[in-house]
Every structure is written in structure tokens, then in C-alpha cells.
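The values are calculated or read from the model by the stated rules, or taken from the named source; none is laboratory data. All figures in this text were calculated on a predicted structure; none of them were measured in a lab. Cβ placement follows ideal geometry from the backbone for every residue including glycine, while neighbour counts extend to all protein chains displayed.
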There are 2 protein chains.
Amino acid sequence: MIWCRFQAGETISYGIVEDETVIEVSGIPWEEHARTGKTHNLSDVKLLVPVIPETFYCAGVNYRDHVLKMAALLNREPSFPPRADIGYRANNALIAQGETIVIPKDAHDEVQYEGELVAVFGKKCRNVSPSEALDYVFGWTIGNDISERVWQRNDRTLWRAKNADTFKPMGPWIVTGLAPDQLRTTVRVNGRVTEDFDTGNMIFDAPTFISEVSKYNTIEAGDIMWLGTDGIPENIKGGDVVEVEISNIGILRNPVVREE
Amino acid sequence: MIWCRFQAGETISYGIVEDETVIEVSGIPWEEHARTGKTHNLSDVKLLVPVIPETFYCAGVNYRDHVLKMAALLNREPSFPPRADIGYRANNALIAQGETIVIPKDAHDEVQYEGELVAVFGKKCRNVSPSEALDYVFGWTIGNDISERVWQRNDRTLWRAKNADTFKPMGPWIVTGLAPDQLRTTVRVNGRVTEDFDTGNMIFDAPTFISEVSKYNTIEAGDIMWLGTDGIPENIKGGDVVEVEISNIGILRNPVVREE
């Protein structure tokens with residue numbers, strides 16, 4: 001099932017996407033909800049960020065190939081994370097399907113995409129085993145972890161390197177019933193494929209991350225967890241269009257501008 | 001004016017605190033709101049975390065003395081932040097006045113308080129100068145940035161070192177109309193004063209942090225910014241009671257237990 005959050009006129013609502021139709025729903029998909037009887041053409045609604053989480057988890061480094069290729073590129077020994085220590089991103093940076101990634105005017109040219117699978121939680125979760133972990137996931141969406149690498153290397157924190165406004169495109173919607181280790185992620189810049197990898201190649205898979213986090217942190221319904229990227233991302237610039245496709249979810253597409 | 005968020009019976013609401021009375025208000029203090037005509041005895045209500053932010057900013061290192069003393073404690077060279085790079089904390093860790101700080105059973109003994117002044121924003125804020133910055137702050141509250149130092153030193157991120165459940169007491173309420181650089185912070189463990197410092201000793205003051213963050217990030221109404229601590233925090237243990245008092249705001253008091 002495909003769940004979107006959308007705006008039609010003044011109404012902001014969740015909806016179920018079936019073919020080219022959005023069936024309007026009152027309430028929250030992972031709480032009480034009901035079909036309202038209203039429908040919209042998918043092409044007539046504005047898709048919104050599927051959920052604004054209370055806590056925005058992000059795995060950071062989480063694919064073996066990414067570590068190896070980055071190490072080779074930098075002529076360093078590869079360093080694999082020894083544990084599933086989760087990181088965070090910030091809600092101010094979230095934008096929806098089709099919205100514009102704005103590169104700040106003083107950003108360096110090393111601004112890069114990172115295509116990521118995203119878990120959206122549907123139930124409160126504390127101290128769960130890996131084998132139970134996926135029971136707490138409502139569904140899956142796509143994230144693009146835009147990163148300014150000079151700030152990432154030099155600042156004390158990731159605040160503007162990864163959390164500047166518009167640096168976290170997420171969407172287009174949430175899809176339920178998927179096996180998170182059996183999907184294919186493809187990134188395209190201006191239609192050219194730049195990355196193509198299996199979500200099964202994560203260093204720590206979704207159940208491991210969820211189980212580890214839940215040992216100390218209560219994950220709430222509506223929280224999200226981004227699960228890292230593979231490959232060696234390329235720079236993007238004003239005028240580009242970036243697409244992150246994950247099989248059985250869809251395509252997250254965002255144009256890029258540079259602030260003047 | 002003192003604004004609290006509270007529960008009385010089944011009702012969760014904001015209220016205005018006057019002496020020992022809470023005047024119930026409908027709506028949000030920094031949006032449309034109105035007095036409902038209902039009042040409660042302050043001692044009859046349960047105070048809640050004053051706000052659950054969309055983005056939880058935290059300055060981290062922001063007092064000169066703290067840098068020097070923590071460097072000694074962590075056996076590192078002191079490193080003063082060259083810029084006001086903001087950090088983050090996570091909402092799962094928030095607890096209210098009087099709620100219990102729970103030290104996880106596998107935590108080391110180096111679990112410490114950090115008493116902090118907290119800005120609560122009342123208006124959306126982007127690209128503001130330091131001289132305008134305080135116009136966007138609705139009021140001020142108190143935070144206690146509980147930290148497990150072994151995890152802080154060894155993990156890749158601060159996730160459990162600073163964001164384990166219950167590690168972010170905040171409250172007891174929000175006070176408007178204060179000058180953030182003219183307050184006195186006092187920390188007590190079991191009634192004994194362990195820290196005592198002026199908020200005027202910050203490396204980067206509140207207007208500077210707000211202005212810097214707002215260059216790249218839109219700060220939303222209801223967001224919070226914790227502004228760092230001074231001194232050399234001591235360990236706390238099960239059975240302790242920690243109080244963070246900030247002059248003209250109040251006392252944030254939380255008991256501590258160790259999970260068995």
C-alpha cells in the first residue's frame with residue numbers, strides 16, 4: 001500500500017495512492033484513520049514530506065563498498081564502523097518531492113547527493129530484538145542526504161554540512177510491506193545513472209540498527225531512520241535534477257539551484 | 001510571565017503560573033491562545049516538558065572554564081570552538097520537572113549533569129542579525145544535559161552518551177522577558193552546591209548562536225536551543241537528586257535511579 005501526505009487547496013491530509021488517484025484519509029496512517037470518501041487526481045495534489053518526525057535518526061556510514069571506495073579514493077585504510085551507533089539529522093532541512101534543493105551562496109562546489117532507504121516507524125519501540133524490529137516499521141520511503149563536504153570536514157558538527165535548509169529531500173511517499181534488504185537504489189543526475197546498489201549490502205541492516213537504538217532510546221511512531229548510502233557520490237550544481245529511485249517505492253526527484 | 005505545560009486529570013494544556021495558581025490557557029503561548037477561565041493549584045497539576053521541539057538545538061561546548069576542565073578530565077588538549085557550530089539532541093530523551101533520570105544498567109559510573117540555559121523560540125527565524133535575534137525568543141527554561149562520559153569518548157556519535165531515554169530533563173516552565181546574559185546558574189546534588197556560574201560567561205552568547213544558525217537553518221516557533229554549561233560536572237548515581245537553578249526562572253529538580 002502507498003501512503004502519501006498531500007495538500008489539495010487548503011487541505012493537508014494523508015492519502016492512499018492507487019494508480020493515478022489519491023484517496024483522502026482522515027487521521028494518521030499508523031494511528032486511527034478512515035477513508036473520507038474524497039479522491040483527487042495524483043497530478044492535482046502537492047505531495048508533502050510524508051512525516052515530520054519527533055526524532056530524525058540517520059545511520060551515516062553504513063555500506064561496505066562506500067567505505068572501501070572512499071578509502072581507495074583518499075588513499076587511506078578503510079575504517080568500518082565497529083557498532084551501529086546512530087546519528088541524527090534535523091527537521092528544518094526536510095523538503096518534499098519536487099521541491100528545490102538550494103545550495104547556499106557561500107557553499108563550496110563539493111555538494112553531493114546520498115540516496116538512502118528510510119524506515120518510518122508505526123509503533124512505539126523499546127528494547128526489541130532484531131527479529132522483532134521490523135514489526136515496528138510502518139513502511140519505507142526515500143531520502144537524499146545532501147552534504148557539503150568542506151563544511152563536513154571542517155565544522156565541529158554537521159549542522160550546515162548536512163542540515164542546511166532543503167538539504168534533506170524525503171518522499172515521494174511511504175510504501176508498506178517491503179523487505180528492506182531486497183531493494184535496489186539507483187541515483188540519477190540529469191537522467192544519467194551515477195549510483196546503483198542493493199540495500200542488502202548494508203554493514204548493519206535495518207533490524208540491527210532498530211534493535212540497537214531501542215536498547216537505550218524509545219523510538220516513537222512517526223520517527224524516521226535513514227539507513228546510509230553506497231558508492232562515491234558526485235558533486236551536484238545549480239540547474240541539475242537529482243533522482244533517487246528505490247525499487248518498489250518510487251522516485252524522489254528534486255531540482256537544484258544555487259542561491260545568488 | 002511564567003508559562004507551563006501541564007496535565008490535570010485527562011487535560012493537557014498550557015497555563016500561566018501566578019504565585020501558586022495555574023491559569024489554564026487554550027492554544028499555544030506563542031500562537032493564538034486565550035484564558036479558559038479555569039484555574040488549578042500549582043501543586044495539583046503535573047508539569048510536563050514545556051515544549052516538544054521540531055528541532056532540538058544544543059550548543060554543546062560553550063563556556064571557557066568548561067573547555068579547560070573537561071579537557072583535563074577527558075585527558076585531551078583543550079580545544080575552544082572557533083565558530084558557533086550548533087549541535088543537536090533528541091526528543092526521546094526529554095523528561096519533565098520531577099521525572100526520574102534513569103541510568104541504563106550497563107552505563108559506566110561517569111554519568112554527569114550539565115546545567116544549561118535554554119531558549120524557546122516563538123517566531124520563525126531566518127537570517128537574523130545578533131541585534132535582532134532575541135526578538136524571536138519567546139522565553140527561557142532550564143535543561144540538564146545528562147552525559148555518560150565513557151560512551152561520549154568511545155562511540156562514533158552522541159546517541160546513547162547524551163540521548164538515552166530520560167537524559168534530557170527540561171523545565172520546570174518557560175519564563176519570558178529575561179536578559180539571557182544576566183542570569184546565575186547553580187547546580188546542586190542532594191542539596192550541595194556543585195556548580196555556580198554566570199550565563200554571561202558563554203563563549204558565544206545566545207544572540208550570536210541564533211544569528212549564526214539562522215544563516216543556514218530556519219528556526220521554527222517551538223524549537224529550542226540549549227546553550228551549554230560551565231564548570232566540571234560531578235558524577236551522579238542512583239538515589240541522588242539533581243537540581244539546576246537559574247535565577248529568575250526556577251529550579252529543575254530530578255531524582256536519579258540506576259536501572260537494575
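Working carefully through the options B:248, B:254, B:190, find the one that is over 17 Å from residue B:146 (Cβ atoms) and of a type outside the set (Ser, Thr, Tyr). Of the residues listed, the single one that is over 17 Å from residue B:146 (Cβ atoms) and of a type outside the set (Ser, Thr, Tyr) is B:248.
Annotation: of all residues in segment B:44-86 being among the aliphatic types (A, V, I, L, M) and within 30 Å of residue B:21 (Cβ to Cβ), the one that is surrounded by the most Cβ atoms within 10 Å (Cβ to Cβ) is B:51.
Going through (1) closer than 23 Å to residue A:161 by Cβ; (2) within 13 Å of another protein chain (Cβ to nearest Cβ); (3) aliphatic (A, V, I, L, M); (4) touching a Gly at 6+ places or on another chain (Cβ under 9 Å) one by one, residue B:221 falls short only on (1). So for segment B:60-74 (the condition being over 29 Å from residue B:256 (Cβ atoms), in a loop (DSSP other than H, G, I, E, B) and either assigned by TED's automatic domain parsing to the domain that holds residue B:205 or of a type in the set (Lys, Arg) (or both)), does at least one residue qualify? There is no residue in segment B:60-74 that is over 29 Å from residue B:256 (Cβ atoms), in a loop (DSSP other than H, G, I, E, B) and either assigned by TED's automatic domain parsing to the domain that holds residue B:205 or of a type in the set (Lys, Arg) (or both). Here residue B:163 does not fit the description of being at pLDDT below 95 and within 14 Å of chain A (Cβ to nearest Cβ).
Quick grid of which residues meet (1) within 11 Å of another protein chain (Cβ to nearest Cβ); (2) within 30 Å of residue B:125 (Cα to Cα); (3) in a strand (DSSP E or B):
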{"position": "A:172", "(1), (2), (3)": "no, yes, yes"}
{"position": "A:195", "(1), (2), (3)": "no, no, yes"}
{"position": "A:207", "(1), (2), (3)": "no, no, no"}
{"position": "A:212", "(1), (2), (3)": "yes, no, no"}
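Residues in segment A:133-149 that are touching a Phe, Trp or Tyr at 6+ places or on another chain (Cβ under 9 Å) and assigned to a helix (DSSP H, G or I): A:133, A:136.
Considering the conditions (1) within 12 Å of another protein chain (Cβ to nearest Cβ); (2) over 13 Å from the mean Cα position of the chain (by Cα), residue B:168 is excluded by exactly one of them, (2). State whether the residues of segment A:140-147 include one that is within 14 Å of chain B (Cβ to nearest Cβ) and in contact with a Leu (Cβ under 9 Å, 6 or more places away or on another chain). Yes.
Quick grid of which residues meet (1) within 14 Å of chain B (Cβ to nearest Cβ); (2) hydrophobic (A, V, I, L, M, F, W, C):
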site	(1), (2)
A:40	no, no
A:43	no, no
A:54	yes, no
A:59	yes, yes
A:66	no, no
A:72	no, yes
A:78	no, no
A:82	yes, no
A:87	yes, no
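Quick one: what pairs do we get from segment B:131-144, first residue in the same structural domain as residue B:176 (by TED's automatic domain parsing) and more than 13 Å from residue B:170 (Cα to Cα), second charged (D, E, K, R) and not in a helix (DSSP H, G or I), C-beta under 6 Å, 6+ apart or different chains? Correct list of pairs: B:136/B:123.
For segment A:102-117, indicate whether the set of residues that are closer than 20 Å to residue A:214 by Cβ, in contact (Cβ under 8 Å) with a residue 40 or more places away in the chain, more than 9 Å from every other protein chain (Cβ to nearest Cβ) and touching a Pro at 6+ places or on another chain (Cβ under 7 Å) is non-empty. Yes; the residues of segment A:102-117 include at least one that is closer than 20 Å to residue A:214 by Cβ, in contact (Cβ under 8 Å) with a residue 40 or more places away in the chain, more than 9 Å from every other protein chain (Cβ to nearest Cβ) and touching a Pro at 6+ places or on another chain (Cβ under 7 Å).
Report yes if some residue within segment B:120-129 is out of contact with any strand residue (DSSP E or B) (no Cβ under 6 Å at 6 or more places or on another chain), more than 14 Å from chain A (Cβ to nearest Cβ) and surrounded by 22 or more Cβ atoms within 10 Å (Cβ to Cβ); otherwise report no. Looking through segment B:120-129, none of the residues is out of contact with any strand residue (DSSP E or B) (no Cβ under 6 Å at 6 or more places or on another chain), more than 14 Å from chain A (Cβ to nearest Cβ) and surrounded by 22 or more Cβ atoms within 10 Å (Cβ to Cβ).
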